[in-house]
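Student: Here's a structure for you.
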Amino acid sequence: MRREPPQTLGDYLPLLFPAAMLTIFFVVPFGTMIAVSFFQRQQGGFYTPAFVFDNYARFLSVFFGGVLGFSLMLAVIVAICCVMLALPFTYMLTRMARKVQVVWLVALLSILSLSEVIIGFAWSTLFSRTAGITNILVALGIMEQAKALTPSFGAVLTGMVYQAFPYTVLVLFPALVRLDPTLTEAARTLGASPLKAFFTVVVPALRNTITATLIMVFIFALGSYLLPQLLGRPQHWTLSVLITDQAIYQSNMPFAAAMAVFLVLVTLGLVALTVIAGRKGEAA
Amino acid sequence: MITTSIKRRTLLGAGLAGASMLAMPSILRAQDKSLKVGVYGGYFKDSFDKNIFPEFTKATGIAVESIAEPTGEAWLVQLEQAARAGQAPADVSMMSQVAMLKGQSTDLWTPLDTAKIKNASNLLDRFVNKYPDGRIAGIGAVSWYITLVTNTDVYKEAPTSWTAFWDPANADKLGLLALVSNSFLLEVTAKTFFGGTNALDTEEGLLKAFDKLAEVKPNVRLWYRDEAQFEQSLKSGEIPMGQYYHDVTGLAAADGHPVRSTFPKEGGIQDSGCWALSRASQKSEEAHIFIDYMCQPSIQATLSRKVGTSPTVKREVTDLTDKEFAAVSSDIEPIIPRYDLYQTKSDWLNQKWTELIVG
């Protein structure tokens, strides 16, 4: 069956509803945010409509640069960890019996139903000195004394990877299911070990999928603001935490909006760079 | 075979009829005099709905519709924006002191007439919130203390002074509030080391307090925004010392948890909320009756017993026993936060504070 391009106005009608929804629920709020980011902050009050760059000027400092840098780095590390864990996992999952696959996928989906708050509290208990996993190690005689593993960078990373892992698997799963098994069979026939076949055949064949997944997890992790608070020290707080502080606790909407706009721009820029680099790689 | 099975439709019909019957009383009530009152959502609202509002309606015939306010300043923003459109999501709201000052800047609060609030004479002076020109913007609703709390298993002896926060022996053991405007640690520092909160009048004074406070950083394990997070860690001894609410800590101790709240010799931090009337409200008459009712010593005593708040009226006019009073308050002169700073210098303070704890 060949898909025909829409010709009459009527053919475009089904598009109107999603377009309207997108405008109302995304374009308008985002436009409002951009507008507010140029408003004049009234200290000790609210804000007045204006067109000033003060809010952006305040953001351009070493301090906020550092926080932004940390947030981006954290999101990149989360994305890399997730894909590194999820790719072999999903690959093996697709080779299992249908029933086993269903059980695993349902379990992963059920993690998605947990809120960030629950995940944060669960991990902070698991990493605590009084009730945490180190107590098991002590009982087994591996450790001398129970100790607290939170707050720390490792705790933040663990929590965020745990939260993003199911998404990663669900994004990779369709592509890996569709992957032609004859590719690996050919590699095996030609004498490659399973490991070598995985890295020289499966991974390159999925390059675009892997890039897309990395970007998706990166953006997902960038918005995280609860886990860094629950599991990290203040130096592990992301820009999203500071945006929340400004918006909710300081009622400084213009500055919060400016930070958010900046974060979106930097994110889009990085994603664009990744896509361009990917295209160049393909062309070469 | 089951012959008496209830048909699904019958059940739905019965449910609808039941629901509309339940809804009836509120429709009837709405015809009488009424007042919408904003109270912090959760524990406060539940306690007021249970212990205060029904009695008020009985005494005055004014029905109260309680509205759950979000925390932070979100409610102030909503009230302000609604007032610009001539709407009042609540007539009277319980507002924090900083929110009161911010609302004053846009004349959000209808000035209150103390001639109609006879019981206002019972109030402690600090609980009457005034515009710069002397008009009354708000009247003290409730107050509460933030004190020095410890886990009794870890600290056999109760600490006596806020200086415990600076003690190197307490490295990585403290849980403190994460925001400059709700932890009031600058005031604590000033009172403990620099002779009083007046030391914060100048920028040099503030910077000195920030420097002194920076010494606490290595002792802090958790900077919390979420109360539940610290409370849990305090009870388990995971984070055995910190600042927390006196009333809630008392309740936890009464439940058998190994925690205690201590009023340091420099005083506990006393924070409070005001009743304020939105300028968009049409219910000024009812609002004055409500605020007057809430200022009665007997109602303040009820609040202390049932909700755990500290009275906003003078202690001698209430009938609280020593034990009841100690459960919610102390005779030690409290540290009163410098709310004015959080209005006039809020951005500067916030920036310095964030750099202090994040940097």
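Each value in this text was obtained by applying a stated rule to the coordinates, not by laboratory testing. Fair warning: this is a prediction, and the values are worked out from it, not measured in the lab. Counting neighbours? That spans all protein chains shown, and the Cβs are built from the backbone with ideal geometry, glycine included.
Student: By count of other Cβ within 10 Å, fewest leading, how are B:LYS173, B:LYS156, B:LYS265 ordered? Please report the intermediate quantities before stating the final value.
Tutor: Values: B:LYS173 23, B:LYS156 7, B:LYS265 11.
Going from least to most buried by this count: B:LYS156, B:LYS265, B:LYS173.
Student: Across peptide B:230-243, how many C-beta atoms of other chains are within 10 Å of each residue C-beta, on average?
Tutor: Mean shielding count: 2.
Student: Over what distance in Å are the Cα centres of region B:145-179 and region A:1-70 separated?
Tutor: 45 Å
Student: Using each residue's phi in region B:243-249, evaluate 6.51 cos²θ - 1.76 cosθ + 1.60 at θ = phi - 60° and report the 3J(HN,Hα) Karplus result to the nearest Hz, with x for Gly and Pro.
Tutor: Listing the rounded values in order: 10, 7, 6, 4, 5, 5, 5 Hz.
Student: Roughly speaking, what is the centre-to-centre gap between region B:37-63 and region A:84-138 when only Cα atoms are used, to the nearest Å?
Tutor: Using only Cα atoms, the two centres lie 44 Å from each other.
Student: Related question: Starting from 0 in steps of 10 Å, tell me what percent of the Cα-Cα pairs of the protein assembly as shown lands in each bin.
Tutor: 3, 12, 20, 22, 19, 13, 7, 3, 1, 0
Student: Test of understanding: in a Gaussian network model of chain B with alpha carbons linked when under 10 Å, which of B:LEU174, B:LEU207, B:LEU186 would top the mean-square fluctuation ranking?
Tutor: B:LEU207
Student: Report relative contact order for region A:106-202 in percent, whole number only (criteria: Cα-Cα under 8 Å, sequence separation at least 6).
Tutor: 22 percent
Student: In the structure shown, do any of B:LYS102/B:LYS352; B:LYS45/B:LYS306; B:LYS208/B:LYS314; B:LYS212/B:LYS235; B:LYS130/B:LYS212 have a Cα-Cα gap over 24 Å, and if so which? Display every interim value, and only then the final one.
Tutor: Working: B:LYS102/B:LYS352 21 Å; B:LYS45/B:LYS306 12 Å; B:LYS208/B:LYS314 35 Å; B:LYS212/B:LYS235 29 Å; B:LYS130/B:LYS212 33 Å.
From B:LYS102/B:LYS352; B:LYS45/B:LYS306; B:LYS208/B:LYS314; B:LYS212/B:LYS235; B:LYS130/B:LYS212, over 24 Å: B:LYS208/B:LYS314; B:LYS212/B:LYS235; B:LYS130/B:LYS212.
Student: Return, ordered by residue number, the residues of region B:45-69 whose backbone nitrogen is under 17 Å from a label point located 7 Å along Cα→Cβ of B:SER298.
Tutor: From region B:45-69, the list is B:51-62.
Student: Now, a different point. How big is the gap, in Å, between the Cα center of region B:258-297 and the Cα center of region B:186-213?
Tutor: Distance between centres, Cα-based: 27 Å.
Student: Below 8 Å, C-alpha to C-alpha, sequence gap of six or more: please give me the relative contact order for chain A in percent. Let's see the in-between values first.
Tutor: On the way: 272 pairs, mean separation 78.7, N = 284.
About 28 percent, as a whole number.
Student: Here is a further query. Suppose every Lys and Arg Cβ carries +1 and every Asp and Glu Cβ carries -1, with no other charges. What dipole size does region B:179-313 come out with about its Cα centre, to the nearest 20 debye?
Tutor: 260 debye
Student: Taking only DSSP H segments of four or more residues, each worth -39500 (n - 2.57), what value at 222 nm results for the protein assembly as shown once the sum is divided by all its residues, to the nearest 500 deg cm²/dmol? Don't jump to the answer; show the numbers that get you there.
Tutor: Details: 29 runs with 342 residues, N = 643.
That calculation yields -16500 deg cm²/dmol at 222 nm.
Student: With Cβ to Cβ distances under 14 Å as the rule, what net charge do the other residues near A:LEU172 carry (K, R +1; D, E -1)?
Tutor: Value of the local net charge: +3.
Student: Can you figure out the FRET efficiency of A:LEU105 with A:ASN208, using R₀ = 22 Å and their beta-carbon distance, to the nearest 0.05?
Tutor: According to the calculation, E is roughly 0.45.
Student: Which one of B:ARG84, B:ARG279, B:ARG305 has the biggest mean-square fluctuation once chain B is modelled by GNM with Cα springs under 10 Å?
Tutor: B:ARG84
Student: Additional query: Evaluate the charge dipole of chain A about its Cα centre and quote only its size in Debye, nearest 20, assuming +1 on the Cβ of each Lys and Arg and -1 on the Cβ of each Asp and Glu.
Tutor: Rounded to the nearest 20 debye, it is 540 debye.
Student: Averaged over its residues, how many other protein chain Cβ atoms are within 10 Å of peptide A:245-255's Cβ atoms?
Tutor: For peptide A:245-255, the averaged partner shielding equals 6.
Student: Between B:LEU185, B:LEU124, B:LEU35, where does the largest GNM mean-square fluctuation fall for chain B, given springs only between Cα atoms within less than 10 Å?
Tutor: Maximum fluctuation in the GNM of chain B, among the listed residues, is at B:LEU124.
Student: For region A:1-107, calculate the relative contact order in percent as a whole number, restricting contacts to Cα pairs under 8 Å that are 6 or more residues apart.
Tutor: It comes to 10 percent, rounded to a whole number.
Student: ³J(HN,Hα) across region A:13-18 via Karplus (A = 6.51, B = -1.76, C = 1.60, θ = phi - 60°), whole Hz, x for Gly/Pro?
Tutor: Once θ is set to phi - 60°, the couplings for region A:13-18 become 3, x, 6, 4, 4, x Hz.
Student: What is the order of A:VAL266, B:VAL92, fewest Cβ neighbours within 10 Å to most?
Tutor: So the ranking, lowest neighbour count to highest, is A:VAL266, B:VAL92.
Student: Still on this structure, I have one more. Using +1 at the C-beta of Lys and Arg and -1 at the C-beta of Asp and Glu, which of A:GLN42, B:ASN129, B:THR114 has the Cα lying farthest in the positive direction of the dipole of the protein assembly as shown?
Tutor: Going by the charge dipole, the pick is A:GLN42.
Student: What net charge do the residues around A:ALA186 carry, taking every other residue with its C-beta under 15 Å from that of A:ALA186, with Lys and Arg at +1 and Asp and Glu at -1?
Tutor: 0
Student: Could you list B:LYS58, B:LYS50, B:LYS314, B:LYS345 in order of exposure, starting from the residue whose Cβ has the fewest other Cβ atoms within 10 Å?
Tutor: B:LYS58, B:LYS50, B:LYS314, B:LYS345
Student: Something else about it: Please compute the average number of Cβ atoms from other chains found within 10 Å of each residue's Cβ in peptide A:36-42.
Tutor: Neighbouring Cβ atoms belonging to other protein chains average 1 per residue here.
Student: Another question, if that's okay. Could you give me the ³J(HN,Hα) list for region A:78-91, computed from phi with Karplus coefficients 6.51, -1.76, 1.60 and θ = phi - 60°, whole Hz, x at Gly and Pro?
Tutor: 4, 4, 5, 4, 4, 5, 4, 7, 6, 5, x, 4, 5, 4
Student: Sticking with this one: Going 7 Å from the Cα of B:LYS130 along its beta-carbon direction, which residues of region B:288-324 have the amide nitrogen within less than 19 Å of the resulting point?
Tutor: B:313-314
Student: Rg/Rh for region B:87-240: what does it come to with C-alpha atoms and Rh from Kirkwood?
Tutor: Using only Cα positions, Rg/Rh for region B:87-240 is 1.05.
Student: Let me ask something else. Which value, in Å to one decimal place, does the Kirkwood hydrodynamic radius take for region B:197-268 when every pair of different Cα atoms is included?
Tutor: Hydrodynamic radius (Kirkwood, Cα pairs) of region B:197-268 is 14.2 Å.
Student: How large is Rg over Rh for region B:229-359, taking Rg from the Cα atoms and Rh as the Kirkwood inverse mean of 1/r across Cα pairs?
Tutor: In region B:229-359, Rg relative to Rh is 1.04.
Student: May I pose another question? For region A:7-47, just the Cα atoms, rotate onto the principal axes and tell me the three extents in Å, largest first.
Tutor: 56, 13, 8
Student: Taking the DSSP beta bridges in region B:144-242 as the whole, what percent of them are antiparallel, to the nearest 5?
Tutor: Roughly 25 percent of the beta bridges in region B:144-242 run antiparallel, per DSSP.
Student: Would you work out which of B:ASN219, B:PRO297, B:PHE193 lies farthest towards the positive end of the dipole of region B:184-335, given +1 charges on the beta-carbon of Lys and Arg and -1 on that of Asp and Glu, about the Cα centre?
Tutor: Value computed over the given set: B:ASN219.
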